[in-house]
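The values are calculated or read from the model by the stated rules, or taken from the named source; none is laboratory data. Predicted, not measured: the structure shown is a model, and the values here were computed from it. Neighbour counts are summed over all protein chains in view; Cβ atoms, including those assigned to glycine, are modelled from backbone coordinates with ideal geometry. Accessible surface is based on the protein model in full, side chains and every heavy atom, while ligands, DNA and RNA are left aside. Shrake-Rupley method; radii C 1.70, N 1.55, O 1.52, S 1.80 Å.
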Amino acid sequence: DGLREFGENKSFTLLEKLMDECLAKKLIPFTYVAQGPEVLEEFISLKKLEIKNLKILFSGVLNDIPAEKIKQRIRNNAF
């Protein structure tokens, strides 16, 4: 889907979103780990995802982008 969107609109937005959501899905097993480096990796990765979502939201609001378009760009954390 992401490559098709790039071919049609020359936009990496959907491809980047799908890659971020795939990474978040890979972190699901780390949720059940009580201690170890996996916990820290999950925490840092989810914080990066949250910061990216805030950047998308704030830049969309500042540039008067419609709410529906902003919602399409927000990443899901798959949890």
Pick out the one residue from I56, I70, I65 that is β-branched (V, I, T) and outside any helix (DSSP H, G or I). I65
So how many residues does segment 1-32 have that are open to solvent by 80 Å² or more (accessible area, probe 1.4 Å), under 28 Å from I44 (Cα atoms) and not in a helix (DSSP H, G or I)? 2
Only one of E42, E50 is touching a Phe, Trp or Tyr at 6+ places or on another chain (Cβ under 6 Å), open to solvent by less than 100 Å² (accessible area, probe 1.4 Å) and assigned to a helix (DSSP H, G or I). Can you tell me which? E42
When residues of segment 1-13 are filtered for being under 18 Å from K52 (Cα atoms) and touching a Phe, Trp or Tyr at 6+ places or on another chain (Cβ under 8 Å), how many remain? 1
Just one of (1) surrounded by 11 or more Cβ atoms within 10 Å (Cβ to Cβ); (2) free of Cβ contacts under 8 Å to residues at least 40 places away in the same chain trips up R73, so point out which. (2)
How many of the residues making up segment 29-49 are closer than 25 Å to I70 by Cα and in contact (Cβ under 8 Å) with a residue 24 or more places away in the chain? 2
Please verify whether segment 52-67 includes one or more residues that are farther than 21 Å from S11 by Cα and in contact (Cβ under 8 Å) with a residue 24 or more places away in the chain. no
